[in-house]
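Laboratory data are not the source of any read-out in this text; all were calculated from the coordinates shown. Just so you know, these numbers come straight off a predicted model, no measurement behind them. Glycine also receives a Cβ, built like all others from the backbone with ideal geometry; neighbour counts cover every protein chain displayed.
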Amino acid sequence: MLLGQVFERFVKESPVSVMVRGLLEKALCPQTLDELFERSAKTQYTRELLFSTVVNLMSLVVSGVHPSVHAAHQASSEEISVSVTSIYNKINGIEPIISAELVREVAGQMEATIRHLNATVPDLLPGYRVKILDGNAIAATEHRLKALRDISSAPLPGQSLVVLDPSLMLAVDVFPCEDGHAQERSLFDEVLPTVEEDDVWIADRNFCTLKFLFGVATHKGYFIIRQHQTMPWQATDDFRLVGQSDSGTVFEQNIILSADDGQLLKARRVKVCLEQPNRDGDREIFLVTNFLSDSVAGAGTRATVIDALLIAQLYRKRWKLETLFQVLTENLCCEINTLGYPKAALFTFCVALVAYNVLSTVKAALRSVHGTEKIEAEISSYYLADEIRGTYRGMMIAIPSEEWRVFHNMTFIELSQILKHLAGLAKLRAFRRHPRGPKIAQPKRTYLKNKPHVSTAKILAQKTQNINTP
């Protein structure tokens, strides 16, 4: 094994923590990060404080190893020669394009690692690359900035569009925006150039515009997007019954989309009559796709293999991106409400995406050894993150930073071998998921006008007495 004796105890007791630290060492190599900064920065430049130093420090904050930027700086004051004010000034000025490039750089490395592990999740649609797109608004910050102190409204520091590759379970791209009030549609000009041939973009109705749909089709990609009621379309036939899906009865019809410049696009409209209303109370949802039906596409066309039942099933996979956002919010610190400057908030969110990708690569290593079905069904990201938080500080004291540099120059083949060895030692019972049961409707609460608070002990005693009274 490439790791020395100094790693032995941690390899035995917490191999997951060693995997995370090794992947961070590989992905956040200082030379790579500083070159990325010099290549991407438009206005910011380096004096004494390196971009790589700030990224590594912030990674400890979003991972929960330290509770704040100030605490992380104080713990590393001997290694970091600048003041905490300089740290904040650097973070507050990091341009969104740099933060986005950081996510793309690390995602590329994690993708290579996962592919060498042969640990991708089965493709949702073989022969195509599925990409799930959704927006994420960063929560309101505190009113610490002078310009915000006399404003009672919640200050929003920005938002982002995130792209998830469900076969890798990686956030492969992000499009950050400093304007917290900007519409998601204002970022389409940044998203569309990234569309590649045979991409399949799955998104909610906010992305259902003629500009986006025609843009995806122009790049020879495909879309499965929930229809927005304001989008113009023209039916070429009536709905016809297709069959029953897991969520309801599925119908389809052929339609024509017409762009402002006169271009026409053949498409299909899929209606799903839900067995149970969704959280918005909708009984029906409509999907628009340029995967054509047999009658329109003709024999021998690739699109003919994509039937409406599969279209409805694929759209339901949007929840995978919502799960990503849940992990960022609950298991990682993607929002720090004391960082009010938009650039700082977006940088924090992007570093959290990096941490998520590293955690996802750890799960991929576990899949490669223990099987995809077992890991996806039983392993909790919450307990993985908790293990890392609890072990990380002590591990970094016991194993000096220079000992971890062995990961810098590892090939992806060597790295995958190490990860598989460590994954085989992982105690999966410590990370077992505990799914909750079905939600129970909450009873209407009684408002007691003259009782702002009650004694829990008295209420419980009264309930017990009522039960025992014949």
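Relative contact order for the range 120-329: 15 percent, from Cα pairs under 8 Å spaced at least 6 residues apart, divided by residue count.
With the simple model of a label 7 Å out from the Cα in the direction of the Cβ, S186 to N92 spans 2.3 nm.
Pairs K26/K420; K42/K320; K131/K420; K12/K320: which are spaced more than 24 Å apart, C-alpha to C-alpha? As for pairs spanning more than 24 Å Cα to Cα, those are K42/K320; K131/K420; K12/K320. Grab the beta carbon distance between A154 and N409, set R0 = 51 Å, and tell me the FRET efficiency rounded to 0.05. Plugging the Cβ-Cβ distance into 1/(1 + (r/R0)^6) gives 0.65.
To the nearest 20 Debye, how big is the dipole of the chain about its Cα centre, given +1 on the beta carbon of each Lys and Arg and -1 on that of each Asp and Glu?
That gives the chain a dipole magnitude of about 1980 debye.
The label point for E402 and the one for V454, both projected 7 Å from the Cα toward the Cβ, are 6.5 nm apart. Farthest towards the positive end of the charge dipole of the chain, among the residues P232, I467, V369, is the Cα of I467, using unit charges on the Cβ of Lys, Arg, Asp and Glu. Sequence-distant contacts, meaning Cα pairs under 8 Å at least 6 residues apart, place the relative contact order of the range 24-96 at 32 percent.
Find the percent of Cα-Cα distances in the range 120-329 that exceed 21 Å, and round it to a whole number. So the portion of pairs separated by more than 21 Å is 57 percent.
Residues M19, M169, arranged from fewest to most other Cβ atoms within 10 angstrom of their Cβ, appear as M169, M19.
For the range 120-329, the antiparallel share of DSSP beta bridges with both residues in that region comes to about 80%. Full extension of the chain between E196 and R144 yields a length gain of 14.5 nm, computed as 0.36 nm times the residue separation minus the alpha carbon distance. A straight chain from T32 to Q44 at 0.36 nm per residue would run longer than the Cα-Cα distance by 2.6 nm.
Taking the Cα centre of the range 120-329 as the origin, how large is its charge dipole in debye, to the nearest 20, when only Lys and Arg (+1) and Asp and Glu (-1) carry charge on their Cβ atoms?
Using Cβ point charges on Lys, Arg, Asp and Glu, the range 120-329 gives about 240 debye.
On the beta carbon distance between R436 and Q74, with R0 = 60 Å, the FRET formula returns roughly 0.95.
The E8 and K427 beta-carbon pair, evaluated with R₀ = 25 Å, returns a calculated FRET efficiency of approximately 0.95. Farthest toward the positive end of the dipole of the range 120-329, out of L257, A312, V288, is the Cα of A312, where the dipole comes from beta carbon charges about the Cα centre. The antiparallel fraction among DSSP beta bridges confined to the chain stands at about 80%.
Annotation: aspartates and glutamates with alpha-carbon distance below 19 angstrom to K90 (same-chain offsets under eight excluded): D34, E35, E38, E48, E78, E79, E101, E178, E335. Both radii are taken from the alpha-carbon atoms of the chain; with Rh as the Kirkwood radius, Rg/Rh is 1.01.
Label-to-label distance for S258 and K463 is 6.3 nm, based on points extended 7 Å past Cα in the beta-carbon direction.
State, as an integer percentage, the relative contact order of the chain based on alpha-carbon contacts under 8 Å between residues 6 or more apart.
Relative contact order of the chain: 20 percent.
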